[in-house]
Structures are given as C-alpha cells and as structure tokens.
Amino acid sequence: MIRTTNLSKTYYLGVVEVPALRGVSFEIHRGDFLGLMGPSGSGKSTLLHLLGLLDFPTTGTIRINGMDVSEMDDDERTDYRLRKMGYIFQDYALVGELTVLENVMLTAMAQGKSENECRKASEEILSVVGLSERLKHLPKELSGGEQQRVAIARSMVNRPIILFADEPCANLDTTNSRAVLDQFHTINEELGQTIVMVSHEEWHKEYFHRIVYLKDGQIDRDEDRRSHSA
Amino acid sequence: MNETLIRLRLSFFLGLRSLRRGNIGSLVMTVVIIGMVFTNMIFLPSVITGAINLFVEQTIEYSSGNVLIEPKEDAEVIEDLEDLLARVNRVPGVLRAAPHNNIGGVMKFKGSRLAGSVIAIRPRDEVLVTGVSKMIREGQYLGEGDTGVIIIGNYVAGHKDKSEDLMPSLGGVRTGDSIDVEFTNGVTRTYRVKGIFETKSYMADQAVFITWDELESIKRQKVDQATEVLIKTVPGEDDEEVKLSLIGMGIQEKIKTWNDLLGKAFAQVVQSYGVINSISTIVSIVIAIVVIFIVIMIKTLNNRRQIGILKAIGIHRTTITFSYVFQVIILALMGIVFGLLILLAMDRYFTVYPIVFPDGDIRPAFTIADIVTNAVLLFIASAIAGFIPAWMIAREDILTAMRG
C-alpha cells in the first residue's frame, strides 16, 4: 500500500546538517496497525510527517497504491491529505472556534459534500467515539481524552485510506490513553483501517500488529506482532 | 459543486465562526475604527458639498435666479423691457421674470459714505423670483409702488463699531433711519430705511433696493429698460431647457443659466475642493489599511498553529486566506453600518444646528454617490489589508506553522 525507498530527510541549522532520516525503505500493508517506536531523535515523527505528506523528503520516494506522491506539488498534496489521509496529533489540534460537530464536519465540507451529508456523517462518527452528547461544545469545554476522540472522529469522517497518529496519548492519562487505543483497535479491526502511530510507550506495543523501531534515522528492527496483538 | 465555490463556502464558514467566537474586544475595536474612518471619509466631502450647495442656492436665490438675461453684446441695458417680460413669462417652464435696473450711487449716513449699486425692482415680481423678501432681519420688505423708502443689505447697514464689520458699511443703520443717496445722474434723494435684510450671501447682503416707481421718479420718466432680468423656473424644470426655449423664441439678449454664470471659476473651486477631498480620502484609506493589516496580522500570528493544523488536515491555503478576507469584509460591513449610524446622527444634529460660517449656515450634504464610492473603496482596502497577512501566513510550510 505504501512503499518508501531510500527515504532521507536532512534539516539545516544554519550551516550544520542534521540528518533526521537516513535511507529508510519499508512497506506498509493495507489493514496494518503499525507502531513507529524508538528513542527521542530517532526520526519516528519525521518519518510520519513524510509519510503523511506534511513534509518533503530530501531524497527517496514514497509510493502510495503505486503512485509516487513525492512528485506531487503543494496543491495536489493538500488534496491528497484531505481525501485519502487522516491525522491525529498529540495535542489534539482541534480548531478552538469550532464546536465538536463543526470540527468534524470541516474536512467533509472541504470535500464539497452538502451540509446535511456532512452533519449526518459527523454525527454518526461522533456517536461511534461516544460524543453524541457533546456536539455543541467547544474544544475548551472537553477533557483531553474527549478532545482526542473528537480528533479521531475528524480524521475518520472522510474514510481515509490511512490514519496517522503522532503520539496521540502523550498528553493523556492511562485510562484515557487506553480508551483512545481501544478506539484505534476497534476501527482497525472492524473497518480494516490502516493506522500508523508514533509512540514511545512500551505498553502501547500490545495494540500494534507490527512495530518498526527506528534508531539514528534508520530502521533498527521491523517486528511483526500479529500473533501478540490485543 | 465547483472547487472554488466549495472553498469559498468553507472560508465563509470558518471566517464567520472565528468572528462569532473570537475576541469580542478586538472585534468591537476594529468595527469602531472602521466606522470612524468611514465617517471621516464621508464627513469632509459632505461639508464641501454642503458649502457648494449653499453657494449655488445663494446664487440662484439672491443673485441670478435660475436663468439670467443680460444686455446684448455692446449694449448697457435691455431695451423694450415690457415686451421682453411678456414674452419670457409665456415660455413654458418659466415661473416668473423679475427685472433689475442697477444704478450707481453714493450712500451717506452720519458721515459715512459708501459707493455701490442701488437696484430698482418690482416687488410683486421680485418676491416670486428671489428670496430676499423672506430674509428681512428687521423692518419690512418693499411694497409695490413704494417711494421714498429703501431696503438695505446687512453688510451695507453695518455696525456702529466698524471693527465688527466684514465689509465697508454705513456704520450702524437701523430701520427708520434716513440715508441720503447721490445717484450718478446727479439726483440726490433721502430715503427712510424700510427694512434690513440678511441673506448671509456676501453678494446679496451688499445690495440696496428701491422700487421701480422710485426709479422712474428719479429718472422723471417711464423706464422700459433693465440691466438684467432674473428668471425663476418652475421647480423640477431643467434650466438649460428653459434657456434653449428662450433662445428659440428669438430673444437676442445674452441668456445664461446660473451654472453658466458660475462658470470656470466655480469649476475651479469645485476642483480644488476635490483635491482636498481626495487627500483626506487617501489618508483615511491608509489608516484603515494599516489598522486592518495590524489586526489581521496579529490574529493570523496568534492563529499560526491553527493555520498549520488546517493545512495539515487538507484545508487548502486559499480557503484559509479567504476565511480572513471574509472576516475583514464582515468587519468592514459592520464598520460601515456603524459609520452610517454616526452619519445619520450627524445629519439629524446638523439639520437642527448647522455649521455657522460668515457666508451662511452649512448643512453637510451626505450624497448616495459619496457613501457608495467610499464604502466600495473601504471594502477594497479592507479586503487587501486582510488578504496580505493571511496570505503570508497561509503559505508557510505546515510544520513551521504548526510549531507556532
């Protein structure tokens, strides 16, 4: 489904080169619940940003369903992100001036669906994440766990082919973290949703089918855990 | 739905909610500033238009009528006056014609001497053509057939303390006083001042009127001549059309509308006012642009992270930019409505308490053209001022923006 070839990313701090990724080649399969793990600075977030078309690689290619997305221009990448990808960030990244329902409707509206369609789809997905009673609340009126569930609903409303989660539990306590991960597990199992998630928590491993360990910008280990998954 | 429409719909959705749920203090401040700028843009031209209107009104009402007939080229007077008046009064669109016969003279009062024109009028016609009869400050207007009496303008009457006078005067004449007039034909008459008028028009308030009967008594003959004939047109008639009808009747004298009379000098005055007005408008627009630019710049910088998030989840940068443009347009609209309310209040106030100038009371004239033009200018300026900072932030790369 996604294949990266010799992917590298180098940042520049003045004249100093900081290689964040160095020749990463690997593949993500449809229906994977893949964990990207590794110590701080290992390049896991950088890899997620490149896979999620939020940043451009310095060298290498990314092919999604056979299409080389690294060749896309900015507008094409924006459109691709909207229609094919979902994102969950560690600080929820909701729009503070929009209600729960409006936050979820946003990406559906951007696809040109009618307001009724957007509302229906958003209410449906919010009910799946257990927030039917909170539709008219603003993000600041919700707990961290609830906000992350709104973010999950927003990322899912357009039925993306792949969901990217960048340390989604970093700001949550264990109970809320578990609720979020359970949610991921459910959508992965029931809808076959492909999920790529960055994490540094050891106990999250139990949810992943597969874990790619990164170290110093390179793949250190690729572990298939399907037999151990929750 | 077309891609552009989808983006505009989403921009409007985001912009409207950002305004509704954003910082109310910043919203009110921006609306008030835009409202004040709009008021400033309209107020100066309205005063200038008011001054021009006043000048035109005074010219028509007290000096020339709507149309003025003057002697032929190389002639000093209009001959066969009665015949001319009869013809003019028959022309469609003419309400009434009033002849003036202007004779030079020197007025004397308690040692003060003042040279000027003494104008003979026919009061019955004059009241239908000019507005002097309505502007009697003290005493009475002339009656048909009055002799031995005179009415004088406010500036001619003057004050006992001449330092209070704007123009040379007779030094404080009051109704009932007697003044001597030495006419250029050598005749000297003493007149009782029957009334003093005050029109606030420089030209009109320097005039002195006697009746036609008095003129004939001075000249000791029937006078069938005039130095000018003022014509009042029927309200709503086009003065230019009336002028053409008069020419069409074969009248050989010079026929001019008030507009012809004011001519190039007046056009220059209007042009000069236009320059002042343009400078004021440009300054107002620059203030509006700077204020809106700062407000939107601060807002976009504060929302930088949110803009990054929106881009990350696939919202196009055009949608984000236009969400700010929509906010600015709504703010401009609210500001303009606020400005219009201020102008409405000013209009009411100045109707009751006009701005007092020595040459008249000016009521600012708020024209639809000025309001529409300035509103459009303000909209365009606001849209540009909102677009630039939003465009700058929206084209930043996603991860930089998301770091805030």
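Quick rundown of the values:
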| item | result |
| --- | --- |
| Boolean, B:LEU10 is under 30 Å from B:THR321 (Cα atoms), touching a residue at least 40 places away in the same chain (Cβ under 8 Å) and surrounded by fewer than 17 Cβ atoms within 10 Å (Cβ to Cβ) | no |
| Subset of the stretch B:69-87 [of a type in the set (A, V, I, L, M, F, W, C) and in contact with a strand residue (DSSP E or B) (Cβ under 9 Å, 6 or more places away or on another chain)] | B:ILE69, B:VAL77, B:ILE78, B:LEU81, B:LEU84, B:LEU85 |
| Options B:ILE78, B:ILE179: the member that is surrounded by 17 or more Cβ atoms within 10 Å (Cβ to Cβ) and closer than 18 Å to B:SER217 by Cα | B:ILE179 |
| The stretch A:69-117: number of residues that are touching a Pro at 6+ places or on another chain (Cβ under 8 Å), among the small types (Gly, Ala, Ser) and more than 21 Å from B:GLY22 (Cα to Cα) | 2 |
| Extreme residue, modelled with the highest pLDDT, among residues of the stretch B:10-67 that are polar (S, T, N, Q) and over 27 Å from the mean Cα position of the chain (by Cα) | B:SER11 |
| Filter pass, B:THR373 being part of a helix (DSSP H, G or I), without any contact (Cβ under 8 Å) to a residue 12 or more places away in the chain and surrounded by 15 or more Cβ atoms within 10 Å (Cβ to Cβ) | yes |
| Residue within the stretch A:91-101 that is surrounded by fewer than 17 Cβ atoms within 10 Å (Cβ to Cβ), on the phi > 0 side of the Ramachandran plot and touching a residue at least 24 places away in the same chain (Cβ under 8 Å) present | no |
| Residues that are among the aliphatic types (A, V, I, L, M) and in a helix (DSSP H, G or I), drawn from the stretch B:120-156 | B:VAL127, B:LEU128, B:VAL129, B:VAL132, B:MET135, B:VAL156 |
| Residue satisfying all of: in the stretch B:328-349; surrounded by 17 or more Cβ atoms within 10 Å (Cβ to Cβ) and among the small types (Gly, Ala, Ser); nearest to the chain's Cα centre (by Cα) among these | B:GLY339 |
| Among the candidates A:GLU27, A:GLU17, residue that is within 17 Å of A:ASP222 (Cα to Cα), without any contact (Cβ under 8 Å) to a residue 40 or more places away in the chain and assigned to a strand (DSSP E or B) | A:GLU27 |
| Filtered residues of the stretch A:87-109 (kept if farther than 15 Å from B:LEU14 by Cβ and more than 8 Å from chain B (Cβ to nearest Cβ)) | A:ILE88, A:GLN90, A:ASP91, A:TYR92, A:VAL100 |
| In the stretch A:164-198, the residues that are closer than 12 Å to A:PHE89 by Cβ and buried (at least 17 other Cβ atoms within 10 Å of the Cβ) | A:PHE164, A:ALA165, A:ASP166, A:GLU167, A:PRO168, A:CYS169, A:MET197, A:VAL198 |
| Members of the stretch B:60-105 found to be closer than 18 Å to B:LEU128 by Cα and in a strand (DSSP E or B), listed by number | B:GLY65, B:VAL67, B:LEU68, B:ILE69, B:VAL94, B:LEU95, B:ARG96, B:ALA97, B:ALA98, B:PRO99, B:HIS100, B:ASN101 |
| Checklist (1) more than 21 Å from the chain's Cα centre (by Cα); (2) assigned by TED's automatic domain parsing to the domain that holds B:ILE42 applied to B:TYR273, failing item | (1) |
| Single residue of A:ASP32, A:ASP55, A:ASP79, A:ASP75 found to be within 14 Å of chain B (Cβ to nearest Cβ), of a type in the set (D, E, K, R) and touching a residue at least 24 places away in the same chain (Cβ under 8 Å) | A:ASP55 |
| Some residue of the stretch B:2-10 being over 30 Å from B:ALA345 (Cβ atoms) and either more than 14 Å from every other protein chain (Cβ to nearest Cβ) or not in a helix (DSSP H, G or I) (or both) | yes |
| Top-ranked residue in the stretch B:17-56 [being facing chain A (nearest Cβ under 10 Å) and assigned to a helix (DSSP H, G or I); ranked as surrounded by the most Cβ atoms within 10 Å (Cβ to Cβ)] | B:SER18 |
| Some residue of the stretch B:328-342 being within 14 Å of another protein chain (Cβ to nearest Cβ), touching a Ser or Thr at 6+ places or on another chain (Cβ under 7 Å) and in a helix (DSSP H, G or I) | no |
| Some residue of the stretch B:314-325 being under 30 Å from A:ASP91 (Cβ atoms), modelled with pLDDT under 90, not basic (Lys, Arg) and not in a helix (DSSP H, G or I) | no |
| Boolean, B:ILE296 is closer than 30 Å to A:ALA108 by Cβ, buried (at least 17 other Cβ atoms within 10 Å of the Cβ) and away from every other protein chain (no Cβ under 14 Å) | yes |
| Identity of the residue in the stretch A:110-129, within 20 Å of the chain's Cα centre (by Cα) and within 11 Å of another protein chain (Cβ to nearest Cβ), that ends up surrounded by the most Cβ atoms within 10 Å (Cβ to Cβ) | A:ALA110 |
| Criterion: free of Cβ contacts under 8 Å to residues at least 12 places away in the same chain, under 30 Å from B:ALA288 (Cα atoms) and of a type in the set (Lys, Arg) - qualifying residue of B:ARG20, B:ARG113 | B:ARG20 |
| Among the candidates B:LYS254, B:LYS264, residue that is farther than 22 Å from B:ASP370 by Cα, at pLDDT below 85 and out of contact with any Ser or Thr (no Cβ under 6 Å at 6 or more places or on another chain) | B:LYS264 |
| Cβ-Cβ under 7 Å pairs, at least 6 apart or on other chains, the stretch B:126-154 side farther than 18 Å from B:ASN66 by Cα and in the same structural domain as B:LEU166 (by TED's automatic domain parsing), far side outside any strand (DSSP E or B) and polar (S, T, N, Q) | B:MET135/B:THR199; B:ARG137/B:ASN154; B:GLU138/B:THR175; B:GLY139/B:THR175; B:TYR141/B:SER133; B:THR147/B:SER217; B:GLY153/B:GLN206 |
| Residue in the stretch B:350-364 that is buried (at least 16 other Cβ atoms within 10 Å of the Cβ), among the hydrophobic types (A, V, I, L, M, F, W, C) and part of a helix (DSSP H, G or I) present | yes |
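The values are calculated or read from the model by the stated rules, or taken from the named source; none is laboratory data. Source: prediction; values computed, not measured. Every residue, glycine as well, gets a Cβ built from its backbone with ideal geometry; the counts of neighbours run over all protein chains shown.
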